[in-house]
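Note sheet for the following structure.
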Amino acid sequence: MLVEGVWKDLPRDVRSTGGEFIRPESSFRDRVTADGSSGFKAEAGRYHLYVSLACPWAHRTVIFRKLKGLEKAISLSIVDPLMDVDGWVFSDRPGCIPDGVNGASYLYKIYLKARPGFSGRVTVPVLWDKARGTIVNNESSEIVRMLNREFDSFAEKSLPDMVPAELRPEIDRWNELIYRTVNNGVYRAGFATAQDKYEKAVGELFATLEVLERHLAKSRYLCGGRITEADWRLFTTLVRFDLVYHTHFKCNLRRLRDYPNLWAYARELYQVPGVARTVDFRHIKEHYYRSQKEVNPSQVVPVGPVVDFNEPHGRGKVLPPSELVSG
């Protein structure tokens, strides 16, 4: 079983790929649908999310749950930011929520309950079905699309569709580029054990950041004047960039703050009502610097940098938004 975050098998795995970090596929890929045609019907109180506030992939689902007002419909557990040799731990430390559904002490036990003998990756997020006692899905990109529309009957906030049909091709193009070179690109740089693989990942990362900087000089959001799924998928990497990726993952050609448009854009998204409450900087720093011992053997957590996402963003000067998320 590969426990993501501890990466105790990372040196062996990376050596087998010539020093390049390659993220394996997620194991559970079922879907919740509003009409139940998938076998998993959207119902209030039936589903539970297991997440880490440190993890950018899980953070996507927390943001969608918050913005849609699905807190009462979908319950939540938050793992401890500090992992041990057995992976993600449930605790009652600040910012954590123990497993109130299955009473597990470790996340891997949830995977084994869903699939006895499971030997794949143990990752967050996990969407759990209380009725059938199994994992529905552990792929964040698919979970956020379920949260976007399938639970609308139980959402307490009215939110424009974040994957509208007319924008889906553009959203998917941005998602593909950003996933490969930015979301996963920082990991490809941070976990590379060969100089050429590291430099390739860093080069692609900063080339995309330059593309994004130029695009956001003339566009309020990635797909024009409204916030879409693509923006939130980018945001969860940007909010961690200066804090951990710049130093910890050696993505240090430039800081997020060195890109005026990207930095202002990230601040605007952070300041959308409810989003700041999904960001836990202490969990983020503790997890990366203390749990990823292959990258930071000393486990010393730096005291900086000071990053103020509450600074005025001034993005209204770029393009007036046609649809903004309301509180």
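Under the Karplus relation 6.51 cos²θ - 1.76 cosθ + 1.60, θ = phi - 60°, what is the ordered set of whole-Hz ³J(HN,Hα) values for the range 128-141, x standing for Gly and Pro?
Result, ordered by residue: 9, 9, 5, 5, 9, x, 8, 7, 7, 7, 10, 10, 4, 5 Hz.
Using the number of other C-beta atoms within 10 angstrom as an exposure proxy, rank Thr61, Thr237 with the fewest first.
Thr237, Thr61
Under 5 Å between amide hydrogens, which residues at least 5 positions from Tyr106 or on another chain qualify, with H placed 1.01 Å from N in the peptide plane?
Long-range HN contacts for Tyr106: Phe90.
With θ taken as phi - 60° and the coefficients 6.51, -1.76 and 1.60, list the Karplus ³J(HN,Hα) couplings across the range 185-202 in order, rounded to whole Hz; mark glycine and proline as x.
So the Karplus estimates, Gly and Pro as x, are x, 5, 6, 4, 6, x, 9, 5, 10, 10, 4, 5, 5, 4, 5, 5, 5, 5 Hz.
Report the relative contact order of the chain, percent, no decimals, based on alpha-carbon pairs under 8 angstrom and at least 6 residues apart.
Averaging sequence separation for qualifying contacts and normalising by length gives 22 percent for the chain.
What pairs from Lys72/Lys157; Lys66/Lys157; Lys200/Lys250; Lys157/Lys317; Lys66/Lys317 go past 20 Å between their alpha carbons?
Lys157/Lys317; Lys66/Lys317
Using Rg/Rh (Cα atoms, Kirkwood Rh) as the read-out, say which of (1) 0.99; (2) 0.94; (3) 1.05 was calculated from these coordinates.
Recomputing Rg/Rh (Cα atoms, Kirkwood Rh) here gives the entry labelled (2).
Using Cβ contacts closer than 10 Å as the measure, can you line up Trp128, Trp174 from fewest to most?
In order of increasing Cβ crowding within 10 Å: Trp174, Trp128.
Can you bin the range 123-274 into rounded, prolate or oblate? Criterion: square roots of the alpha carbon gyration tensor eigenvalues sorted a ≥ b ≥ c, rounded for a/c under 1.5, prolate for a/b above b/c, oblate for the rest.
oblate
How about Lys197: which aspartates and glutamates have a C-alpha closer than 15 Å to its C-alpha, ignoring those fewer than 8 places off in the same chain?
Cross-link targets: Asp13, Glu20.
Would you mind checking which residues have amide H under 5 Å from Asn137's amide H? H placed 1.01 Å from N; only 5 or more apart, or other chain.
Under 5 Å from the amide H of Asn137 lie the amide H atoms of Leu127, each far enough along the sequence or on another chain.
Once phi is turned into ³J(HN,Hα) by the Karplus curve 6.51 cos²θ - 1.76 cosθ + 1.60 with θ = phi - 60°, what whole-Hz value does each residue of the range 70-75 show in order, with x for glycine and proline?
9, 4, 7, 7, 10, 6
May I ask you to order 64-77, 273-286, 151-164, 239-252 by the average number of other C-beta atoms within 10 Å around their residues, highest value first?
By packing density, highest mean first, the sequence is 239-252, 64-77, 273-286, 151-164.
What are the residues whose amide H is under 5 Å from the amide H of Tyr221, where those residues sit 5 or more places off or on another chain and H is modelled from the backbone?
Sorted by chain and number, the residues that satisfy this are Arg226.
Alpha carbon centre of the range 66-91 versus the range 242-276: separation in Å?
Between the Cα centre of the range 66-91 and that of the range 242-276, the gap is 23 Å.
Quick note: the coordinates plus some simple rules give every number you see, no bench work behind them. Being a predicted model, the structure only gives us computed values, none of them experimental. Glycine also receives a Cβ, built like all others from the backbone with ideal geometry; neighbour counts cover every protein chain displayed.
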